[in-house]
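The values are calculated or read from the model by the stated rules, or taken from the named source; none is laboratory data. Given the structure is predicted, the values throughout are model-derived calculations rather than measurements. Virtual Cβ from ideal backbone geometry, glycine too; neighbours counted across all protein chains shown.
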Amino acid sequence: MKNYISINDITNLEMAIKEALYMKEYPYAFAKAGKQKTLGLLFFNSSLRTRLSTEKAAKNLGMETMTLNVNSDSWQLEFEDGTVMDGTKAEHIKEAAQVLSQYCDVLAVRAFPGLVDKSQDELEVVLSAFMQYGSVPVVNLESSTAHPLQGFTDAITIYELTESLCAVNKKPNVVLSWAPHPKALPHAVANSFVQTMQKANVNFTITNPEGYDLNPEIRGEVPVIHNQKEAFANADIIYVKNWSSYEDYGKVQSQDSNWMINAEKLKGTNQAKVMHCLPVRRNVVIADDVLDTESSAVIQQAGNRTWAAQWVLKNILDNDK
Ligand SMILES: NCCC[C@H](NC(=O)CCC(=O)O)C(=O)O
Ligand SMILES: NC(=O)OP(=O)(O)O
């Protein structure tokens with residue numbers, strides 16, 4: 001693997017899941033794979049899990065890590081070509097990416113969308129610039145439209161949670177549900193989850209209110225049911241996430257609390273496990289009576305971030321030998 005930008009960079013998802021689970025069992029099996037290599041982590045936005053699980057993954061492989069919170073610790077970066085830099089931005093990505101490529105063997109970047117201009121966000125300006133001007137592999141730590149480390153993590157977690165179904169040749173029923181949130185949130189997590197489930201051996205549906213359908217190019221043939229109760233019938237896995245409207249781009253059209261996930265809603269399911277990428281706002285997105293019970297898989301899921309990142313870094317290191 002040269003770069004890890006989208007879940008489609010994993011050619012064989014099932015094999016990748018099994019290899020990542022091997023790393024979970026034997027974290028130091030490849031402790032020399034990244035010897036004398038440095039991972040640079042660049043954050044344009046906040047993070048808890050992505051930052052620490054990716055650092056941990058790199059260290060398990062013997063890599064050194066350097067983390068930069070770009071907006072608070074470094075110079076503001078300009079991404080536009082040919083611009084007169086007489087404003088607040090002191091450094092151009094053309095220099096920054098080349099300089100960082102001399103310090104780091106792999107660059108991992110988090111840059112959320114502005115959620116104002118759909119076509120601008122879909123250009124993935126920040127990630128693309130690091131790939132264009134830098135000279136080392138790039139890992140997506142959540143960009144405008146994708147969070148592929150989360151998507152891979154979710155596939156690993158669903159594999160673990162549904163092993164007993166798969167053992168009797170039953171495909172798990174997986175539902176992605178929109179839930180309310182006070183802020184306008186990106187589509188990246190939902191997009192990568194949809195793309196991942198399309199590659200996984202599951203029955204998959206999406207449920208969201210009218211006006212919240214995800215990008216049709218990503219959704220493809222996945223059925224969308226606008227009635228949450230109907231969608232949850234016989235679900236084995238309920239993946240919860242808020243996203244802002246895609247059609248009315250970046251807008252919060254509804255904060256309908258009836259879409260919050262609570263214990264009552266799990267009654268018509270196959271004792272569904274509830275997943276969320278975190279951070280989650282309790283009693284807005286998911287109720288305490290789910291998060292504090294056996295129904296919740298969010299801690300296991302967050303733990304698996306390390307193994308997803310470790311698998312990705314190992315594959316990039318192997319390719320770069
Ligand atoms: N990396 C995981 C999710 C990050 C982001 N959530 C957030 O910004 C939540 C912030 C808040 O709850 O205020 C998102 O939805 O893409
Ligand atoms: N799930 C996830 O990406 O978490 P952070 O935003 O804390 O990294």
Test set (1) surrounded by 15 or more Cβ atoms within 10 Å (Cβ to Cβ); (2) within 30 Å of LEU214 (Cβ to Cβ) - GLY114 fails condition number: (1)
When residues of the range 89-113 are filtered for being closer than 30 Å to SER244 by Cα and of a type in the set (Phe, Trp, Tyr), how many remain? 1
The range 132-172, residues that are farther than 14 Å from GLU14 by Cβ and either among the small types (Gly, Ala, Ser) or modelled with pLDDT under 95 (or both): GLY134, SER135, SER143, SER144, ALA146, GLY151, SER164, LEU165, ALA167, VAL168, ASN169, LYS170
Pairs under 8 Å by beta carbon, first residue under 21 Å from GLY134 (Cα atoms) and polar (S, T, N, Q) in the range 34-62, partner within 9 Å of ligand 2 (Cβ to nearest atom) and outside any strand (DSSP E or B), six or more apart or different chains? ASN45/GLU142; THR54/LEU141; THR54/LEU149; THR54/ARG305
Selection count where residues are over 30 Å from VAL126 (Cα atoms) and within 16 Å of ligand 2 (Cβ to nearest atom), scope the range 137-191: 1
For LYS170, are the conditions met, namely being free of Cβ contacts under 8 Å to residues at least 12 places away in the same chain, over 17 Å from VAL284 (Cβ atoms), surrounded by fewer than 18 Cβ atoms within 10 Å (Cβ to Cβ) and basic (Lys, Arg)? yes
Taking interchain pairs and intrachain pairs at least six residues apart, which have beta carbon atoms under 6 angstrom, with the first residue in the range 147-163 and assigned by the TED database to the domain that holds LYS273 and the second of a type in the set (Lys, Arg) and more than 12 Å from ligand 1 (Cβ to nearest atom)? LEU161/LYS273
Of the residues LEU42, LEU52, which single one is modelled with pLDDT of 95 or more, touching a strand residue (DSSP E or B) at 6+ places or on another chain (Cβ under 6 Å) and either within 16 Å of ligand 1 (Cβ to nearest atom) or outside any loop (DSSP other than H, G, I, E, B) (or both)? LEU42
